[in-house]
Amino acid sequence: MSKFVDCARDQAFLLPPDLRDWIPEDDLAHFVIEAVERVEMSAFKVNHRGTGSAQYHPRMMLALLIYCYANGIFSSRRIERATHRDIGVRFVAANAHPDHDTIATFRRENFAAVAESFLQVLLLAKELKLVKVGVVSVDGTKIDANGSKHRSVRYDRAGELTAQLQLEISALMARAEASDGSGEEDPQALPKELAHKQALRDKLVAARGRLEAQAKVRAEAERADYETKVAAREQRRGRAKGKRPKPPDERPRPDEQSNLSDPDSRLMRKSKHHEYRQAYNPQAVVDAGGSQLILGARVSNCASDRNELVADIAAIPAALGMPETILADNGYANGDQVAALAESGIDVLVATGTEGRRRRHDFRPAKAEAPAKQAKAEWLQAMAVKLAGEDGRALYKLRQQTVEPVFGIIKAVLGFTGFSMRGLDKVAGEWDLVALAYNCKRLHKLRMAT
């Protein structure tokens with residue numbers, strides 16, 4: 001006769017349970033709780049007046065966010081649900097159950113505490129001699145914004161729609177006046193439709209205003225270069241002067257777009273073989289010395305990485321020091337940026353061409369191989385020589401095997417493929433939280449292995 005373990009769900013606990021008995025000693029929860037204890041209370045936004053209901057302890061709330069992000073729980077509603085259903089989350093939350101509004105508000109208002117915790121985790125890694133800021137790899141990835149690409153509108157089309165909506169609004173107002181008191185129109189339908197059209201018109205007007213402001217900023221940034229070219233032309237005589245340079249245009253191009261849901265996001269694609277998505281371009285500076293910890297994290301809303309290298313290195317906390325060598329792919333090939341870092345005593349290795357590989361057994365028809373292009377810029381020629389050497393090749397190989405797996409873990413293991421927040425500042429704060437969760441998970445694993 002078969003025997004079964006007793007399954008009595010109505011059996012009450014004879015003694016109060018201790019959640020620590022249900023959490024393994026090597027669980028990430030213990031490390032996260034230890035890590036947030038290093039964050040000073042001054043880093044949190046706290047109600048010091050003492051009015052209203054008692055607050056949840058900010059260290060508990062931060063630990064809750066980190067632990068949930070490290071386990072692929074990003075939504076504030078799912079985090080609230082996990083405090084009831086997940087033993088690890090329940091332990092980190094000290095058996096408290098903050099509602100989703102409280103969780104979302106804490107996350108939105110405490111990005112400074114997230115940044116401080118990010119630093120403290122890296123300092124802990126440094127104390128344990130698990131990280132050394134020597135050789136770093138830099139890369140960016142495209143992550144979806146909290147907005148649809150179908151809510152993007154062109155500058156010229158926004159103007160046309162604004163005029164069309166204004167006519168429709170005028171017509172609705174005339175109908176409302178004509179039907180006032182006659183009972184022919186639903187008194188609730190017209191105001192609702194009118195409010196909808198007015199709100200959409202205001203969003204389109206705001207979108208055009210943003211594009212116009214961006215165009216003025218761009219023109220101002222290009223003005224110095226324009227004046228230099230004009231001055232150089234004036235010094236030449238006769239036909240050597242050439243055509244007069246065009247002044248910077250302060251007007252937006254007709255095809256420039258702005259998104260109505262998340263105006264700071266942009267239409268981007270990973271490569272020419274991928275589709276366009278409404279996204280951001282998060283950046284990561286990763287330790288290539290073996291730890292694969294993220295040393296610096298920031299977010300750009302520019303699809304290209306060409307102008308991001310200096311800002312990425314500046315994102316490394318000063319307390320960690322500056323790297324000696326930087327490894328980056330061809331997307332970062334910008335002579336001015338490389339020169340600026342070289343002046344700071346930092347060696348930069350940037351690919352001078354694409355790193356794509358040809359398939360060993362390619363099923364496609366064979367194509368005549370194009371001759372290799374010779375780099376024109378002197379700095380690119382010097383970089384090609386440096387990468388052709390045995391030491392340069394061996395060092396540059398570290399880039400692909402250090403920074404790219406980090407993005408793979410964040411997207412495939414943690415499951416983070418889209419931002420929950422809108423606006424560049426808030427998205428940057430959430431990316432710091434993702435990087436912090438990854439670092440906690442990685443450092444916990446490194447410490448357990450030692």
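The table for this structure:
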| item | result |
| --- | --- |
| Unique residue being within 25 Å of the chain's Cα centre (by Cα), hydrophobic (A, V, I, L, M, F, W, C) and outside any strand (DSSP E or B) when the list is Val230, Val285, Val217 | Val217 |
| Condition check for Arg38: outside any helix (DSSP H, G or I), of a type outside the set (Val, Ile, Thr) and within 27 Å of Phe416 (Cα to Cα) | yes |
| Of residues in segment 394-403 being of a type outside the set (Ser, Thr, Tyr) and surrounded by 15 or more Cβ atoms within 10 Å (Cβ to Cβ), the one farthest from Leu349 (Cα to Cα) | Val403 |
| Subset of segment 399-410 (residues that are of a type outside the set (Asp, Glu) and touching a residue at least 12 places away in the same chain (Cβ under 8 Å)) | Arg399, Gln400, Thr402, Val403, Pro405, Val406, Phe407, Ile409, Ile410 |
| Criterion: open to solvent by 60 Å² or more (accessible area, probe 1.4 Å) and in contact with a helix residue (DSSP H, G or I) (Cβ under 7 Å, 6 or more places away or on another chain) - qualifying residue of Asp249, Asp225, Asp255 | Asp249 |
| Single residue of segment 39-66 satisfying the filter (open to solvent by 70 Å² or more (accessible area, probe 1.4 Å) and of a type in the set (Lys, Arg)) that is nearest to Asn95 (Cα to Cα) | Lys45 |
| In segment 73-82, residue farthest from Ser420 (Cα to Cα) [restricted to those that are in contact (Cβ under 8 Å) with a residue 24 or more places away in the chain and not in a loop (DSSP other than H, G, I, E, B)] | Ile79 |
| One residue from Ala93, Ala113, Ala104 being of a type in the set (A, V, I, L, M), surrounded by fewer than 22 Cβ atoms within 10 Å (Cβ to Cβ) and either more than 16 Å from Leu443 (Cβ to Cβ) or within 21 Å of the chain's Cα centre (by Cα) (or both) | Ala104 |
| Some residue of segment 268-279 being surrounded by fewer than 12 Cβ atoms within 10 Å (Cβ to Cβ), within 25 Å of Asp312 (Cβ to Cβ) and of a type in the set (Lys, Arg) | yes |
| Which listed residue, of Ser137, Ser117, is under 22 Å from Ala288 (Cβ atoms), hydroxyl-bearing (Ser, Thr, Tyr) and modelled with pLDDT of 95 or more | Ser137 |
| Test: residue in segment 429-447 that is open to solvent by 50 Å² or more (accessible area, probe 1.4 Å), more than 25 Å from Arg298 (Cβ to Cβ) and at pLDDT 80 or above | yes |
| Test: residue in segment 407-417 that is among the β-branched types (Val, Ile, Thr) and not in a helix (DSSP H, G or I) | yes |
| Count of segment 302-340 residues which are free of Cβ contacts under 8 Å to residues at least 40 places away in the same chain, assigned to a helix (DSSP H, G or I) and surrounded by fewer than 20 Cβ atoms within 10 Å (Cβ to Cβ) | 7 |
| Residues within segment 67-78 that are out of contact with any His (no Cβ under 7 Å at 6 or more places or on another chain) and open to solvent by less than 50 Å² (accessible area, probe 1.4 Å), tallied | 8 |
| Test result for Arg81, of a type in the set (Lys, Arg), surrounded by fewer than 21 Cβ atoms within 10 Å (Cβ to Cβ) and within 21 Å of Leu446 (Cα to Cα) | no |
| Residues satisfying the stated conditions in segment 148-165, i.e. crowded, with 20+ Cβ neighbours inside 10 Å and of a type in the set (S, T, N, Q) | Ser152 |
| Filter pass, Val299 being under 15 Å from the mean Cα position of the chain (by Cα) and open to solvent by less than 70 Å² (accessible area, probe 1.4 Å) | yes |
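Each row is one residue, and each column tells you yes or no for (1) on the phi > 0 side of the Ramachandran plot; (2) in contact with a Cys (Cβ under 7 Å, 6 or more places away or on another chain); (3) not in a loop (DSSP other than H, G, I, E, B); (4) not small (Gly, Ala, Ser).
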| site | (1), (2), (3), (4) |
| --- | --- |
| Asp249 | no, no, no, yes |
| Asp264 | no, no, no, yes |
| Glu275 | no, no, no, yes |
| Gln292 | yes, no, no, yes |
| Gly296 | no, no, yes, no |
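Residue-by-condition table, conditions (1) more than 30 Å from Asn439 (Cβ to Cβ); (2) at pLDDT below 90; (3) loosely packed, with under 12 Cβ neighbours inside 10 Å; (4) not hydrophobic (A, V, I, L, M, F, W, C):
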position: Asn146; (1), (2), (3), (4): no, no, no, yes
position: Leu167; (1), (2), (3), (4): yes, no, yes, no
position: Gln188; (1), (2), (3), (4): yes, yes, yes, yes
position: Gln198; (1), (2), (3), (4): yes, no, no, yes
position: Asp202; (1), (2), (3), (4): yes, no, no, yes
position: Ala207; (1), (2), (3), (4): yes, no, no, no
position: Ala215; (1), (2), (3), (4): yes, no, no, no
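The values are calculated or read from the model by the stated rules, or taken from the named source; none is laboratory data. Predicted, not measured: the structure shown is a model, and the values here were computed from it. Ideal geometry is used to build each Cβ from the backbone, glycine not excepted, and the neighbour counts take in all protein chains shown. Note: areas computed on protein heavy atoms with side chains; ligands, DNA, RNA excluded. Shrake-Rupley method; radii C 1.70, N 1.55, O 1.52, S 1.80 Å.
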